[in-house]
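Have a look at the structure below before the remarks.
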Amino acid sequence: MDSKAHFAPLFVHSRILPVTMLYYHLVSSMMYDINNHRVPSNISKLFTQSEQVHHHFTRFSAAGNLYVKTSRTNQLLFSFARIGVRVWNSIPMKLCVKNRTPF
């Protein structure tokens, strides 16, 4: 095997996910549980629905997105609470339907 060959076909052939894709899969699964109130309250308190922030109609809140809180430090920027919101908001709405598994 050539050392400069692309790795994606190897993962597809092996039927495993690369570490980064596995991370996003686990984060999106956790965010699905958070959105469906299947986690302890101390975890769900880290997240805010955008409709609770905007008291008027916005396309962002109508899409069921979570509010992106501002982060002053890199530690907060790369925390689960911020990454989870960005991952959840990037998933198409048809995959985020309640009472269905997203994957």
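The numbers here are math on the coordinates, done by the rules we state, and not lab data. None of these values were measured; they are calculated from a predicted model. Every residue, glycine among them, receives a Cβ derived from its backbone with ideal geometry; neighbour counts consider all protein chains shown.
Couple of notes before you dig in:
- For the range 30-39, 3J(HN,Hα) per residue [Karplus equation, 6.51 cos²θ - 1.76 cosθ + 1.60, θ = phi - 60°, Hz, x = Gly/Pro]: 5, 5, 4, 5, 5, 5, 9, 6, 10, 10
- Rounded to whole Hz, the Karplus (6.51, -1.76, 1.60) HN-Hα couplings of the range 5-16, x for glycine and proline: 5, 6, 7, 4, x, 5, 5, 5, 5, 7, 6, 10
- Approximating the spin labels as points 7 Å out from Cα along Cα→Cβ, the residue 49-to-residue 14 distance works out to 4.1 nm.
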